[in-house]
1. Quick one: compute the contact order of chain A, relative version, from alpha carbon pairs under 8 angstrom and 6+ residues apart, as a percent.
2. For chain B, restrict the atom set to alpha-carbon positions and state the Rg and Dmax in Å.
3. Normalise the Cα radius of gyration of segment B:100-189 by 2.2 N^0.38 Å (N = residues in it) and let me know the number.
4. Which percent of the Cα-Cα distances in segment A:20-157 go past 21 Å?
5. Give me B:ASP237, B:ASP72, A:ASP254 sorted ascending by neighbouring Cβ count inside 10 Å, so fewest comes first.
6. With the calculation restricted to Cα positions, what are the radius of gyration and Dmax of the protein assembly as shown in angstrom?
7. For helix A:163-185, what angle does its Cα long axis make with the longest principal axis of chain A, in degrees from 0 to 90 and rounded to 10?
8. Roughly how far apart, in whole Å, are the Cα centres of segment A:144-218 and segment A:66-117?
Amino acid sequence: MTELGSKRLQGRVAFVSGGLRGIGLACVERFLAEGAEVVLSDLDAADSAVVGETMARLGQAASYVSANVAKEEDWERAAALVKERHGKCHILVNNAGTDLTGAVETLSLESWRRIMSINVDGVFLGTKHFVPMMAESGKDFRGGSSIINVSSIMGLVGMNEVSAYNASKGAVRLFTKGIAIEFAQKQTPIRANSLHPGFVETPLLKAGFQRWVDAGFAEKSEDLVASVVGATPIGRLAQPSELAAAAFFLASEDSSYMTGAELVIDGGWTAQ
Amino acid sequence: MAKRLEGKVALVTGGTTGIGAAAVRRLAEEGATVFFTGSKEEPAAALCAETGAHFRKHRVQDAAAWPALIDDIIATGGRLDAVFANAGIEAGDGSIETVEIEGWDNIIAVNQTGVMLTVQNAILGMKRNPEGATGSIIINSSMNATRPLGNYVAYSVSKAAVCALAKSAAVHCGGQGYKIRVNAILPGVVETPLIQNIMNAQPDPAAARAMYEGMAPLKRMAQLNEISGLVAYLASDEAGFISGAEIAIDGATTAGMMGV
């Protein structure tokens, strides 16, 4: 793609949670290609093989911190590390998330609290601990700093036996609007927008489909993919790079008047 | 500037001034061959000289003239990839009690029927691309689609209607197997020449400006080039999985309650 490597994020620092896989990794790769320096976090230990291989491939402009988005002390540590290493942060992608499916009466309170702690607490805590640095760094560029919260189309519409995930992603959608208004009214130079992917070809999707197969919803995960693709007007799954392109747009000066908005990237799924 | 639209051919309706002219500039900067329509010949000539774009005098509501326009674009540009259905008016509008049938009909003709004709003819043109039906159609709606104005009933209704039109067309194109995407953008208050004229015509222009700036939590109006960034992104292949979407670009105006 000709647009890659145009370095439109030169001079910026980005933090991406859940950056080792799927949409998060694609965002990391895109931001690096655009000239940004990137710190990524995930649950994996810093000395694990996957971290070693990924970071060797990503190169010098990327660095890793092992952190659990549900833990406030981990966010404090991550923000301190970014501050120490770069002194600033312009872009925060609150991407780390997990899923949970099942009939509502069968969900344990423990599993409900777990998904909320990752998908909702994680977005809140990341925002809370990066806002002071991003408010300062936002003076560097037109449109200011940019927080990109990864919600889902499941934060817009409900789905059978997806209630907990629906609730968590709906929370992300409105949390984003709340902080967008708060920053705008205080003239804090941070924009905040939510991304709403449809079905994206990621490890999380594959694992989720496999669990549905195990639960007897389908014979094989290919059947689930086919049914999703068949119900999507564009007729395919999204690629992580397409979500990264959207995150890049929201991170760049091109979206300088966009805040409190939802960017739905679902191949027309929710238009029907 | 990255050239994301090299080799693509674009059409902007209502392209002589304001948001449309800014889109013409940006799409041309991104490498596209740009055609634009409208009625104001003087600014059109200047914009052609500045950007290398091509002007065609055409009114979007003129159904009979559409096929020849599309033929002309394809004959000259070779194909059609991106269409920004931007032309719109609000002159002659009023509240539900005061709007007269002539004003209502004019606004619906341009903002609603004109957009329908633009999308319909865009699809017909895009189906003629050698590799099959491909392209991106972007409809310029308004935040007033979701937050209607009491004193602009026809405008508000027409802007809501084209959001449904975008979704219907997106679902249709998907169902037909076309790789044609259709989306609506919903700008807040943009500092267009039209708004500048309205402000300057007030007894207290500074107060009028403060009122418009205060509508968004961001406490300013959008600049023209802040809308064209979104248009360029949606026109590009980067937005290949976005279709049937309504995208607010309003400085958080519709993220909360108006005026709070």
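No value in this document is a laboratory result; all are computed from the given coordinates. Just so it is clear, the structure is predicted and the values come from calculations on it, not from any experiment. Cβ coordinates were reconstructed from backbone atoms using ideal geometry, including for glycine residues, and neighbour counts include every protein chain displayed.
1. Numbers: 522 pairs, mean separation 51.7, N = 272.
This gives 19 percent for chain A.
2. In Å, with Rg to one decimal and Dmax whole: 17.7, 57.
3. Expressed relative to 2.2 N^0.38 Å, the Cα Rg reads 1.18.
4. 45
5. On the way: B:ASP237 18, B:ASP72 14, A:ASP254 22.
Exposure proxy ranking, most exposed first: B:ASP72, B:ASP237, A:ASP254.
6. 23.3, 73
7. 20
8. Value for the Cα centre distance between the two parts: 13 Å.
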